[in-house]
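Data block below; observations after.
The values are calculated or read from the model by the stated rules, or taken from the named source; none is laboratory data. All of these numbers come straight from a predicted model, not from anything done at the bench. Using ideal geometry, Cβ is built from the backbone for each residue, glycine included, and neighbour counts are taken over all protein chains shown.
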Amino acid sequence: MLGYAALAVLAGVLVSLSRQLNGSLSMFTSALHSSFWNHVVGFAFLTVIGIAIGGLFAGDPWGAPWWAYLGGPIGFIFIAASSWAILKIGAAQTAMLIIAGQMISGVIVDMALGMAGNTSARIAGVALILAGMLVSRSGAKTKTTIPGTTIVPKK
Amino acid sequence: MRRLEIRGRCYAMSDISPPRLLDFIGAFVTGGLLTLMVWFNGTLAVTGSLLFASWVPHITGSILAIAVLLVFRPKIAKPEAKIPWWAYLGGISGAFTVMLTSATMNSALAISGTIALGLAGQMVFSLVADKWGMMGLPQRDPTARDMIALALILSGSIVLIFFGGA
């Protein structure tokens, strides 16, 4: 159990590591190039794993509805947007806002699909997330000005 | 990084320059895309294998990527610079994530535990990465305000993950 917990934390670390690596590549090239490399390298890697382990086409791979195969184009936009955001607002803010966006849109999709859920927990969860975003934004307008001080560039 | 100097003491400028509204909303909407990806790719995994459900979006994503690069020809920021080899490994890190979560989802942790622990892993790494300016990205010191916002967003997420279901 503890081993699985460590693996789950590691999975989260790898999500952020991937974003950091793609952000670094986009500094040299562009956000679109970094998303291209993410997909091509990931495709090559998964193909090798598929050949080594097998079972890639297990089950009924072509049995899903057509739109289910369109996750890739959304993923392309997602990686490009993440690479852009991490350079603009930093890794922690990017992770925080992506988590907030994922959680709130997840509740909306669940409700739109008529999935059963605990309404009061949904309200509480969304309210906490919105409060967090509000706290993060609330500093935007207040510029700290202290009389008699100047802003000097670091030597 | 710019610094604010007050009576000989230095204060980090990042403390008083929060993100612009457009960047802020953009990152939030990006998180919404993730919900669509989980939904679409998860639907593939209902009939096909977990590996297939990760393999297919990498192919269709690559096809769109090639089309976009050919049509828009985005400018390369530093054409002369030597790009470190590890900067190309984001895709491998992402593909590994799929395999790890596939394993932990089927353990006692289930999906909720996998996501919750994953959020913790993401945040710890991002905070360290910002603090050190890891891999050449801009260095940022997290502020007290950032930590409060983070605590609220994570606790809201935990409530949704563990109590939001039926």
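Kindly list the number of the only condition in (1) farther than 30 Å from B:L22 by Cα; (2) part of a helix (DSSP H, G or I); (3) not aromatic (F, W, Y) that fails for A:S82.
(1)
Right, A:S16: farther than 21 Å from B:A45 by Cα, within 7 Å of another protein chain (Cβ to nearest Cβ) and in contact with a Gly (Cβ under 8 Å, 6 or more places away or on another chain) or not?
Details: farther than 21 Å from B:A45 by Cα: yes; within 7 Å of another protein chain (Cβ to nearest Cβ): yes; in contact with a Gly (Cβ under 8 Å, 6 or more places away or on another chain): yes.
Taking the combined requirement at face value, the residue satisfies it.
As an exercise: evaluate A:M27 against (1) in contact (Cβ under 8 Å) with a residue 12 or more places away in the chain; (2) more than 7 Å from chain B (Cβ to nearest Cβ) and give the number of the one condition it does not meet.
Answer for A:M27: the failing condition is (2).
Could you list, in sequence order, the residues of the range B:142-151 that are over 18 Å from the mean Cα position of the chain (by Cα) and buried (at least 16 other Cβ atoms within 10 Å of the Cβ)? Before you say what the answer is, go through the steps one by one.
Keep residues of the range B:142-151 that are over 18 Å from the mean Cα position of the chain (by Cα), which gives B:143-145, B:148.
Listed by number, the list holds a single entry, B:T143.
For the range B:116-139, enumerate the residues that are among the polar types (S, T, N, Q), more than 14 Å from the chain's Cα centre (by Cα) and within 17 Å of B:L154 (Cβ to Cβ).
Pass one, the range B:116-139, residues among the polar types (S, T, N, Q): B:122, B:126, B:139.
Adding the requirement that they be more than 14 Å from the chain's Cα centre (by Cα) leaves B:139.
Passing the criteria: none in range.
Across the range A:82-125, which residue is nearest to the other protein chains (Cβ to nearest Cβ) among those that are within 12 Å of B:T30 (Cα to Cα), in contact (Cβ under 8 Å) with a residue 60 or more places away in the chain and aliphatic (A, V, I, L, M)?
A:A95
So, A:L21, is that one crowded, with 22+ Cβ neighbours inside 10 Å, aliphatic (A, V, I, L, M) and within 26 Å of the chain's Cα centre (by Cα) or not? Outline the logic, then answer.
Working: crowded, with 22+ Cβ neighbours inside 10 Å: yes; aliphatic (A, V, I, L, M): yes; within 26 Å of the chain's Cα centre (by Cα): yes.
Against the criterion (crowded, with 22+ Cβ neighbours inside 10 Å, aliphatic (A, V, I, L, M) and within 26 Å of the chain's Cα centre (by Cα)), A:L21 qualifies.
Please find, within the range B:128-141, the residue that is nearest to B:S54 (Cα to Cα) out of those that are crowded, with 22+ Cβ neighbours inside 10 Å and touching a residue at least 12 places away in the same chain (Cβ under 8 Å). Don't jump to the end; show me each part of the working.
Just the residues of the range B:128-141 that are crowded, with 22+ Cβ neighbours inside 10 Å, to begin with: B:129-130, B:140.
Applying the additional criterion that residues be touching a residue at least 12 places away in the same chain (Cβ under 8 Å) yields B:130, B:140.
Values: B:D130: 29, B:R140: 33 Å.
Only one residue tops the list, namely B:D130.
Taking the residues in the range B:62-115 that are loosely packed, with under 15 Cβ neighbours inside 10 Å and of a type in the set (F, W, Y) as candidates, determine which candidate is nearest to the chain's Cα centre (by Cα).
For the range B:62-115, the residue satisfying everything is B:W86.
Considering only residues that are of a type in the set (A, V, I, L, M), facing another protein chain (nearest Cβ under 7 Å) and within 21 Å of A:A91 (Cα to Cα), which ones fall in the range B:22-36?
Going residue by residue through the range B:22-36, those that are of a type in the set (A, V, I, L, M) are B:22, B:25, B:27, B:29, B:33-34, B:36.
Still in the list and also facing another protein chain (nearest Cβ under 7 Å): B:27, B:29, B:33-34, B:36.
Within the range B:22-36, B:A27, B:V29, B:L33, B:L34 qualify.
Going residue by residue through the range A:42-50, is there one that turns out to be under 27 Å from B:T97 (Cα atoms), touching a Lys or Arg at 6+ places or on another chain (Cβ under 9 Å) and modelled with pLDDT of 95 or more? Talk me through it step by step, then tell me what you get.
First, the residues of the range A:42-50 that are under 27 Å from B:T97 (Cα atoms): A:42-50.
Going one step further and asking which of them are touching a Lys or Arg at 6+ places or on another chain (Cβ under 9 Å), we end up with none.
Scanning the range A:42-50, I find no residue that is under 27 Å from B:T97 (Cα atoms), touching a Lys or Arg at 6+ places or on another chain (Cβ under 9 Å) and modelled with pLDDT of 95 or more, so the answer is no.
Against the definition (modelled with pLDDT under 95 and surrounded by fewer than 21 Cβ atoms within 10 Å (Cβ to Cβ)), how does A:A81 come out, yes or no? Full working, then the answer.
On the way: modelled with pLDDT under 95: no; surrounded by fewer than 21 Cβ atoms within 10 Å (Cβ to Cβ): yes.
So A:A81 does not fit the description; no.
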